[in-house]
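Asker: Here's a structure for you.
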């Protein structure tokens with residue numbers, strides 16, 4: 001099986017939601033590979049949504065990729081969506097660049113640089129808007145998969161988990177995780193916010209306000225409002241959302257699905273954290289080691305790893321009977337139509 005453990009449920013009406021947000025933290029040099037340059041990370045979430053929905057990153061002159069040349073994980077999500085027919089909803093939790101596809105606006109502002117200790121304006125307001133939206137659409141599905149596109153989000157995740165008292169180690173879109181840079185950024189933010197490790201364990205919204213990003217209260221609010229089986233689609237960024245959910249005392253049917261690349265990342269502690277938090281975790285392996293596409297093989301070497309709900313999208317594909325080979329071939333097809341045709 002290419003998802004471990006294999007899902008033991010088969011929803012009738014699955015729904016995919018992708019939360020989009022920006023944080024100025026992504027513009028700190030060498031902290032995020034979710035864009036060819038720090039400045040272009042403003043465009044990454046919008047372009048990811050456009051690519052998943054249309055096959056074309058409309059907001060960028062060329063398809064989104066990392067500085068290394070590895071393609072955006074949005075192509076994995078698009079492949080899964082094409083294979084399964086799962087409907088997608090895009091949610092703007094706080095963007096600098098709006099996608100050129102339909103989206104739901106939570107009226108959130110883009111996140112600030114967490115080094116200031118002032119990261120998210122009105123985290124509680126974003127949470128409440130998301131909760132109300134979740135409540136309004138909860139009856140449309142029996143299983144909602146929630147992904148995200150937030151460049152710089154593993155650093156904000158690190159900050160929030162530390163504020164809540166968890167020694168969470170986060171992954172990176174770089175093959176060499178810039179752990180030292182992230183630690184320094186988080187420490188500076190904590191100092192400027194006047195908080196210490198675990199000092200906000202009973203105030204998760206303040207943790208988000210000081211060190212998080214707009215995706216976090218949006219995801220937690222959705223989980224609160226939906227009231228149906230929910231799978232957080234992502235790696236250590238979504239682990240931080242689980243830590244918020246736990247701190248809020250929410251009792252919901254929630255699990256998490258990521259890629260093997262995050263689950264097996266020795267610089268992170270995804271499995272340890274999901275066990276500690278008490279949530280079931282799934283890991284999907286797309287089998288890119290046998291891919292004919294060089295950019296996809298780069299995932300095997302630690303590039304990209306996860307994003308745009310790729311792990312959860314693969315989880316959904318497997319749950320709906322798609323084989324690893326079928327999925328990999330569809331990703332190759334999407335890659336070629338997106339990148340080769342665009343550059344032809």
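Asker: What number goes with the only condition from (1) surrounded by fewer than 24 Cβ atoms within 10 Å (Cβ to Cβ); (2) part of a helix (DSSP H, G or I); (3) touching a helix residue (DSSP H, G or I) at 6+ places or on another chain (Cβ under 6 Å) that residue 206 does not pass?
Answerer: Status for residue 206: all satisfied but (3).
Asker: Hey, residue 247 hits all of (1) touching a helix residue (DSSP H, G or I) at 6+ places or on another chain (Cβ under 8 Å); (2) at pLDDT 95 or above; (3) at positive phi but one; which does it fall short on?
Answerer: (3)
Asker: Out of the residues in the range 284-295 meeting the condition of being at pLDDT 95 or above and in contact with a strand residue (DSSP E or B) (Cβ under 8 Å, 6 or more places away or on another chain), tell me which one is surrounded by the fewest Cβ atoms within 10 Å (Cβ to Cβ).
Answerer: Result: 285.
Asker: Another question, if that's okay. Take the residues in the range 215-227 that are touching a helix residue (DSSP H, G or I) at 6+ places or on another chain (Cβ under 6 Å) and within 22 Å of residue 26 (Cα to Cα); name whichever of them is surrounded by the most Cβ atoms within 10 Å (Cβ to Cβ).
Answerer: Applying the filter and picking the extreme gives 216.
Asker: With the checklist (1) part of a strand (DSSP E or B); (2) under 14 Å from residue 149 (Cα atoms); (3) over 15 Å from the mean Cα position of the chain (by Cα) in hand, flag the one item residue 99 doesn't pass.
Answerer: (1)
Asker: From the list 10, 107, which residue is surrounded by fewer than 17 Cβ atoms within 10 Å (Cβ to Cβ), free of Cβ contacts under 8 Å to residues at least 24 places away in the same chain and in a loop (DSSP other than H, G, I, E, B)? I'd like the intermediate steps shown before the answer.
Answerer: On the way: 10 fails: free of Cβ contacts under 8 Å to residues at least 24 places away in the same chain.
Result of the check over 10, 107: 107.
Asker: Here's a check for you: in the range 135-146, which residue that is touching a helix residue (DSSP H, G or I) at 6+ places or on another chain (Cβ under 6 Å) and surrounded by fewer than 24 Cβ atoms within 10 Å (Cβ to Cβ) is modelled with the highest pLDDT? Lay out the reasoning, then the answer.
Answerer: Quick first cut of the range 135-146, residues touching a helix residue (DSSP H, G or I) at 6+ places or on another chain (Cβ under 6 Å) only: 135, 138, 144-146.
When the remaining residues are screened for being surrounded by fewer than 24 Cβ atoms within 10 Å (Cβ to Cβ), the result is 135, 138.
Details: 135: 97, 138: 94.
Among those that are touching a helix residue (DSSP H, G or I) at 6+ places or on another chain (Cβ under 6 Å) and surrounded by fewer than 24 Cβ atoms within 10 Å (Cβ to Cβ), it is 135.
Asker: Sticking with this structure for a sec: Considering 190, 132, which residue is surrounded by 22 or more Cβ atoms within 10 Å (Cβ to Cβ) and in a helix (DSSP H, G or I)? Please lay out each step first, then the result.
Answerer: Details: 132 fails: surrounded by 22 or more Cβ atoms within 10 Å (Cβ to Cβ).
Checking each option against the conditions leaves just 190.
Asker: In the range 46-97, which residue that is on the phi > 0 side of the Ramachandran plot and in contact (Cβ under 8 Å) with a residue 60 or more places away in the chain is surrounded by the most Cβ atoms within 10 Å (Cβ to Cβ)? Show your work before the answer.
Answerer: Residues of the range 46-97 on the phi > 0 side of the Ramachandran plot: 55, 69, 85, 94.
Subsequent filtering for residues that are in contact (Cβ under 8 Å) with a residue 60 or more places away in the chain retains 55, 69, 94.
Numbers: 55: 17, 69: 12, 94: 28.
Looking at the filtered set, the residue picked out is 94.
Asker: Can you name every residue in the range 53-73 that is modelled with pLDDT under 90, part of a loop (DSSP other than H, G, I, E, B) and in contact with a strand residue (DSSP E or B) (Cβ under 8 Å, 6 or more places away or on another chain)?
Answerer: 63, 64
Yes or no, residue by residue, for (1) at pLDDT 95 or above; (2) farther than 16 Å from residue 173 by Cβ; (3) crowded, with 23+ Cβ neighbours inside 10 Å; (4) in contact with a strand residue (DSSP E or B) (Cβ under 8 Å, 6 or more places away or on another chain):
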{"site": "229", "(1), (2), (3), (4)": "yes, yes, no, yes"}
{"site": "236", "(1), (2), (3), (4)": "yes, no, yes, no"}
{"site": "268", "(1), (2), (3), (4)": "yes, no, yes, no"}
{"site": "273", "(1), (2), (3), (4)": "yes, yes, yes, no"}
{"site": "277", "(1), (2), (3), (4)": "yes, yes, no, no"}
{"site": "298", "(1), (2), (3), (4)": "no, no, no, no"}
{"site": "308", "(1), (2), (3), (4)": "yes, no, yes, yes"}
{"site": "333", "(1), (2), (3), (4)": "yes, yes, no, no"}
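Asker: Considering only residues that are over 25 Å from residue 111 (Cα atoms) and free of Cβ contacts under 8 Å to residues at least 60 places away in the same chain, which ones fall in the range 218-248?
Answerer: Within the range 218-248, no residue meets the criteria.
Asker: Quickly run through the range 152-187 and pick out the residues that are in contact with a helix residue (DSSP H, G or I) (Cβ under 7 Å, 6 or more places away or on another chain) and part of a loop (DSSP other than H, G, I, E, B). I'd like the intermediate steps shown before the answer.
Answerer: Of the residues in the range 152-187, the ones in contact with a helix residue (DSSP H, G or I) (Cβ under 7 Å, 6 or more places away or on another chain) are 152-164, 166, 168, 170-172, 182, 185-186.
Scanning the range 152-187 gives 152, 164, 166, 168, 170, 171, 172.
Asker: Among 149, 129, which is the only one that is under 15 Å from residue 104 (Cβ atoms), out of contact with any helix residue (DSSP H, G or I) (no Cβ under 6 Å at 6 or more places or on another chain) and touching a residue at least 40 places away in the same chain (Cβ under 8 Å)? Steps first, answer last, please.
Answerer: Details: 149 fails: out of contact with any helix residue (DSSP H, G or I) (no Cβ under 6 Å at 6 or more places or on another chain).
Being under 15 Å from residue 104 (Cβ atoms), out of contact with any helix residue (DSSP H, G or I) (no Cβ under 6 Å at 6 or more places or on another chain) and touching a residue at least 40 places away in the same chain (Cβ under 8 Å) holds for just one of 149, 129, which is 129.
The values are calculated or read from the model by the stated rules, or taken from the named source; none is laboratory data. Worth saying up front: this structure is predicted, and the values here are computed from it rather than measured. Neighbour counts are summed over all protein chains in view; Cβ atoms, including those assigned to glycine, are modelled from backbone coordinates with ideal geometry.
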